[in-house]
Amino acid sequence: MEAVFSGFSVIWLIIGVGFVIGKLGLLPPEARVVLSRVAFFVASPCLLFLTVADASLRDVLGPQFAIAALGAFTTLLIYLLLAKLLLKRRPGSERMIGGMSGSLVNSANLGFPIAAYVLGDVAFAAPIIMFQLALYTPVYVTAMDWLTRDQGTTTKVRPTRRTSTLRSLGQSAVNPMIIGAVLGLIFSWQDWHLPGPMHESVELIAGASIPLMLLSFGLSLVGSRPLDKKAGRRRDVLLASSLKLLLHPTLAWVFAAFAFGLEGHQLLAAVVMASLPTAQNVLVSAIRYESGEVIARDTVLVTTILAIPAMIAVSLILM
């Protein structure tokens with residue numbers, strides 16, 4: 001338990017540094033984007049490559065991958081059912097964005113730090129990232145294409161459903177995270193190793209990933225004001241946030257403990273990773289499809305603020 005609190009303390013301190021930097025204006029507003037892009041396109045793929053290369057294939061594509069898939073898709077379906085009953089006037093695309101907000105986790109920006117400092121092994125983040133990029137992304141893109149096919153848009157040209165889905169699959173294939181993970185899988189499978197100097201260079205770049213992500217996260221909290229009554233989507237946000245913070249981790253515990261028989265640290269890892277806040281990719285998708293932007297933005301903010309206390313509670317219960 002001391003190690004868990006120590007890990008959370010490290011994370012909060014670095015996030016706090018990012019918040020103070022932003023509050024004092026030491027970095028311009030665009031710094032958050034720059035830090036995130038360096039982490040996403042350079043440092044994190046290196047970290048993911050080294051992590052997966054040193055892990056077994058079963059660790060990456062085994063029970064944790066299946067639990068992530070089952071938990072996410074079940075949460076999505078439950079949100080859609082509840083939204084159909086409680087939020088009848090919402091278009092299907094907004095309900096889909098709400099469902100994604102309740103089930104898609106921030107596996108990179110917070111997944112890596114939580115896995116490293118709380119769970120003690122970055123490898124616990126790899127199955128979640130692989131699931132969301134390789135499986136969940138094509139699914140929700142196809143769904144959003146279908147739901148917005150007849151929806152008005154301010155853009156001049158909307159891609160056809162087939163074109164947009166194929167483009168999404170292509171983008172997933174060249175996603176730097178996927179490339180890093182696939183290369184890591186190949187190295188793990190073949191038991192290959194990088195030459196000494198090259199390995200040290202990749203390791204140094206990978207070491208920048210977690211600090212960059214946490215500093216960027218701290219910067220993003222400056223000026224956050226979720227649940228504005230004027231936006232008219234409080235119920236949507238509260239429903240999505242509740243499912244993300246309560247139902248999703250509970251489902252992960254049920255699947256991990258009863259379907260896969262996990263216990264101890266493996267069980268803790270499955271539940272903690274499911275307790276991560278909503279991924280910012282949901283907001284990106286909402287903007288792209290011009291639907292549910294308020295729901296996505298506010299759910300990201302609410303769950304981001306409450307997720308770490310929620311994960312501490314999960315750790316206390318399962319330790």
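Each reported figure results from applying straightforward, stated rules to the coordinates on display, with no laboratory input. Predicted model only: the values in this text are computed from it and were never measured. Don't worry about glycine lacking a Cβ; one is built from the backbone with ideal geometry, like all the others, and counts go over all protein chains shown.
Which of Glu290, Glu263, Glu94 comes first, and how do the rest follow, when ranked by fewest Cβ neighbours within 10 Å?
Exposure proxy ranking, most exposed first: Glu263, Glu290, Glu94.
When the scattering of the stretch 1-114 is computed by the Debye formula from its Cα atoms alone, each counted once and equally, what is log10 I(q)/I(0) at q = 0.11 Å⁻¹?
-0.61
Let me have the 222 nm mean residue ellipticity of the chain computed from DSSP H runs of 4+ only, each contributing -39500 (n - 2.57), with the sum over all residues rounded to the nearest 500.
-21500 deg cm²/dmol, from helical runs alone.
Which aspartates and glutamates, if any, have their Cα less than 17 Å from the Cα of Lys84, not counting same-chain residues under 8 positions apart?
Lys84 reaches Glu94, Asp236.
Using alpha carbons only, how many degrees (0 to 90, rounded to 10) separate the axis of helix 44-53 from the longest principal axis of the chain?
60 degrees
Compute the separation of the alpha-carbon centres of the stretch 82-108 and the stretch 189-259 and state it in Å as a whole number.
19 Å
With a 10 Å Cβ neighbour count serving as the proxy for reagent exposure, in which order, fewest first, do Lys244, Lys88 appear?
Going from least to most buried by this count: Lys88, Lys244.
All other residues with a Cβ under 12 Å from the Cβ of Ala269 taken together, and with Lys, Arg as +1 and Asp, Glu as -1, what is their net charge?
After counting each charged neighbour, the total is -3.
At 0.36 nm per residue, and after removing the present C-alpha to C-alpha distance, how many nm does the segment from Ile186 to Glu200 gain when stretched out fully?
3.1 nm
Under a point spin-label approximation (7 Å from Cα along Cα-to-Cβ), what is the Arg225-Ala257 distance to one decimal in nm?
4.2 nm
Label the stretch 212-319 by shape, choosing from rounded, prolate and oblate, from the square roots a ≥ b ≥ c of the eigenvalues of the Cα gyration tensor; if a/c is under 1.5 it is rounded, and otherwise prolate applies when a/b is larger than b/c, oblate when it is not.
Prolate, since a/c reaches 1.5 and a/b exceeds b/c.
Which of rounded, prolate, oblate describes the stretch 2-318, given a ≥ b ≥ c as roots of the alpha-carbon gyration tensor eigenvalues and a/c under 1.5 marking rounded, otherwise prolate only if a/b is larger than b/c?
The shape class here is rounded.
Would you mind ranking Leu194, Leu283 by Cβ crowding within 10 Å, fewest neighbours first?
By the 10 Å Cβ count, ascending: Leu194, Leu283.
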